[in-house]
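This report concerns only the one structure given below.
Values quoted throughout were computed directly from the atomic coordinates according to the rules given, and no laboratory measurement underlies them. Because the structure is predicted, anything quoted here is derived from the model rather than measured.
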Amino acid sequence: MRAREILQEDYADSLESDLNNILVGAKGNGSEALNTNDLVAQLEAMGYSVNIHSILNLLQRNPNVTSATPTVINLQGPQDNQAQASAGAGKDNAAHVSQLAKKASSL
């Protein structure tokens with residue numbers, strides 16, 4: 001039973017990581033929006049069992065996404081990143097660095 005829980009956690013972590021990589025790649029290529037069906041197709045091609053509705057929850061929690069609907073995913077633009085950075089300037093950077101280190105070590 002414990003093995004099943006570990007596998008499910010690994011699957012969810014991998015899915016979230018790969019989803020984030022796709023979104024960051026799209027932003028890096030200058031995209032401001034993605035077709036939700038295309039994203040689902042990309043994740044299915046990577047071996048994930050997802051559909052539009054199952055992916056919407058992950059998209060709504062993703063910091064690279066400003067809004068997500070069953071048809072389109074709007075990505076954060078450079079101006080959104082600057083506003084978010086200035087708003088979070090007073091936050092504890094040590095906690096943020098710790099989170100990044102944990103994510104990097106799990107890869």
Provide the gained length on full extension for the span K102 to N57, in nm with one decimal, where the gain is 0.36 nm per separating residue minus the Cα-Cα distance.
13.9 nm
Counting every C-alpha pair in region 2-76, the percent lying more than 20 Å apart is 26 percent
